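The values are calculated or read from the model by the stated rules, or taken from the named source; none is laboratory data. Everything numeric in this text was worked out from a predicted model, so none of it was measured. As a convention, Cβ positions derive from the backbone with ideal geometry for all residues, glycine included, and neighbour counts pool all protein chains shown.
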Amino acid sequence: MSLDCQPLRHSSRRRVTTSAWPFAVSYFAALLLVFLLAFLSAFFSAIASPHARAEPLHPAFVDAATVVPGLEVEMRYAGAHNFVGAKVTGYEQPVCLLTREAAAALAKAQIALASSGTGLKVFDCYRPVRAVAHFVRWSRDLKDTAAKGEFYPDLDKRDLFRDGYISSRSGHSRGSTVDLTLVDILPGSDGKLHERDMGTPFDFFSPFSSPSDKRVNEEARSNRRLLADAMRKSGFVPYDKEWWHFTLAHEPFPQTYFDFVVK
Ligand SMILES: [Zn+2]
C-alpha cells in the first residue's frame, strides 16, 4: 500500500513545482505592470495640470460631517450671510472639508462636549486659496460695504487688512483649521439647535471677539471657555483674536496651501 502511494506523492509534488514558477512570474509581472501604469498616469496628470492638487476631494481630506457625530454645518462662505455679503469663490457646496486628522480631533471634542449638553456647529473649515484671494479683492473695493452693519460696524473697511482681520494667506487653506461655535445638544421648541451666547457673532471684526475680552458677559465668557477647553483637550490651538478659530496643533500639512474647490 505504502509503496504504491510513494510514486504518486512524488509525481504530484513534481507537478506543483514545475507549474507554480511560471504562474508566479506572470503574476508578479502583471502586478509590476499595474504599478508602472498607475505611476505613469499620476506622473503625466501631475505635469499636465498646473493645479495638481485641484482634485474634487483630496484623498487626505474628508467631509467632517461623516466623521463627527451630530455635527451642525452652516458654511457661511458658501452662501451670502458673511462679511462679504455674497457667495465666496471656491465654495461650490456647503461642505465642511478637513484633513482626516483634524476631523478625527473634532470628533473627540464633540464627544467630550456632550456631557455639558452642547455640540459643535461649524462656520468654516478648509478654505481654498482662491477664496482668500476673493476676500483680498473685496477688501480693496472700499465702496462695497453691504455687510458692514452686521460684521464690522465700528471699523473703517480700509483698516480690515491693516488690523489683521483680512490677510493674503489663511491657515484654513492648510485644511486643519476650523471656525465654530457651541449649540445646545437638544432642539428648542422651534425644533432648531440654538447657538450659545458667545458675546459676539461669528466673524464680528472687533476686539470684543478676542476670547479673553473681559467686557463680554459672564455667560458668554463661560461658553467661550467651554469651547476652548474642549478644543484644546482634543489637540487644537485657539487664536487670541477670534473665539471661533482653532488650528490642529500637529497639522499634517503645515506648509501646504491647497486650492481645490469645496464640493
Ligand atoms: Zn478662522
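What the table shows:
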read-out: Subset tally (residues that are outside any strand (DSSP E or B), under 17 Å from Glu195 (Cα atoms) and touching a helix residue (DSSP H, G or I) at 6+ places or on another chain (Cβ under 6 Å)) for region 117-153; value: 0
read-out: Test: residue in region 110-126 that is surrounded by fewer than 16 Cβ atoms within 10 Å (Cβ to Cβ), farther than 11 Å from Val262 by Cβ and without any contact (Cβ under 8 Å) to a residue 40 or more places away in the chain; value: yes
read-out: Conditions (1) touching a helix residue (DSSP H, G or I) at 6+ places or on another chain (Cβ under 8 Å); (2) in a loop (DSSP other than H, G, I, E, B); (3) under 20 Å from His81 (Cα atoms); number of the one not met by Arg169; value: (3)
read-out: Criterion (polar (S, T, N, Q), surrounded by fewer than 20 Cβ atoms within 10 Å (Cβ to Cβ) and either outside the structural domain of Arg127 (by TED's automatic domain parsing) or out of contact with any His (no Cβ under 9 Å at 6 or more places or on another chain) (or both)) met by exactly one of Ser173, Ser212; value: Ser212
read-out: Single condition Thr181 does not satisfy, out of (1) of a type in the set (Ser, Thr, Tyr); (2) assigned to a loop (DSSP other than H, G, I, E, B); (3) in contact (Cβ under 8 Å) with a residue 12 or more places away in the chain; value: (2)
read-out: The lone exception for Arg137 - which of (1) away from the ligand (no atom under 16 Å from the Cβ); (2) crowded, with 20+ Cβ neighbours inside 10 Å; (3) farther than 27 Å from Val216 by Cα it fails; value: (2)
read-out: Of all residues making up region 57-87, the number that are assigned to a loop (DSSP other than H, G, I, E, B) and either out of contact with any Pro (no Cβ under 9 Å at 6 or more places or on another chain) or of a type in the set (Lys, Arg) (or both); value: 16
read-out: Count - residues of region 202-222 that are out of contact with any Asp or Glu (no Cβ under 6 Å at 6 or more places or on another chain) and within 18 Å of Gly119 (Cβ to Cβ); value: 2
read-out: Test: residue in region 147-163 that is closer than 30 Å to Ala104 by Cβ and loosely packed, with under 15 Cβ neighbours inside 10 Å; value: no
read-out: Top-ranked residue of region 160-194 - restricted to ones that are of a type in the set (D, E, K, R) and closer than 13 Å to Phe246 by Cα, ranked as nearest to the ligand (Cβ to nearest atom); value: Asp179
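This table checks each residue for (1) at pLDDT below 95; (2) within 15 Å of the ligand (Cβ to nearest atom); (3) in a loop (DSSP other than H, G, I, E, B).
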site	(1), (2), (3)
Gly199	no, no, yes
Phe208	no, no, no
Leu226	no, no, no
Arg232	no, no, no
Val237	no, yes, no
His245	no, yes, no
Phe253	no, no, yes
Thr256	no, no, yes
Asp259	no, no, yes
